[in-house]
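The values are calculated or read from the model by the stated rules, or taken from the named source; none is laboratory data. All values reported here derive from a predicted model rather than from experimental measurement. Because the Cβ atoms are built from the backbone with ideal geometry, glycine has one as well, and the counts that use them run over all protein chains shown.
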Amino acid sequence: MKKKFGLLALAGTLVMGLVAPSQAQAPFREPHDAVKYRGATMVLMGAHFGRLAPMAKREVPFDQAAAQANVDIVKMLAALPWPAYAPGYEGGEARSEVWTNREGFRKASETFQAAVRELDAATQAGDFDAFRVAFGKTGQSCKACHDDFRKKK
Ligand code: HEC
């Protein structure tokens, strides 16, 4: 029992250590940390959103549980990167427009998050047609933001 509690406490400490900084007022020590954080979030979002593509394209059968597992991760990630685009965190592959057009960037991130909520609802309902539509909308919203706010390679 004692041992179990010790492990729980350790797990709790680890989780706090990971979560607490992102909740604080000044979550990043330097711009470089913010750039890495949002880049990592984007990479993971790309991976888990990408895993839905074969189903959306009907290359494999729709598997609600498998889709939901990835949608859950995308949904969580979709909430994360925005504080890392706060003023002072310019750089990385983000265009300066992120900071000169705050309203446009905020709208792009909200359109995206709304599309992800739609994707989540469709997946939870097991509605494949709605899933396909929401997948397309979400992908469009990634692209729309990248077109305006991500540096071209
Ligand atoms: C509101 C704007 C916005 C939305 C929405 C958005 N991105 Fe991004 N994304 C960016 C910006 C800006 C960058 C450039 C990296 C940086 O910020 O320094 C980026 C970079 C990336 C990268 C490259 C990351 C790296 O460092 O190699 C990937 C992959 C990516 N995005 C995937 C996605 C996917 C997939 C979605 C949708 C599911 C998405 N993004 C939605 C703004 C956005």
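Regarding Ala115, is this residue in contact with a Ser or Thr (Cβ under 6 Å, 6 or more places away or on another chain) and at pLDDT 95 or above?
Details: in contact with a Ser or Thr (Cβ under 6 Å, 6 or more places away or on another chain): yes; at pLDDT 95 or above: yes.
Spelling it out, Ala115 is indeed in contact with a Ser or Thr (Cβ under 6 Å, 6 or more places away or on another chain) and at pLDDT 95 or above.
Under 20 Å from His146 (Cα atoms), at pLDDT 95 or above, within 14 Å of the chain's Cα centre (by Cα) and aliphatic (A, V, I, L, M): does that describe Ala53?
No, not satisfied.
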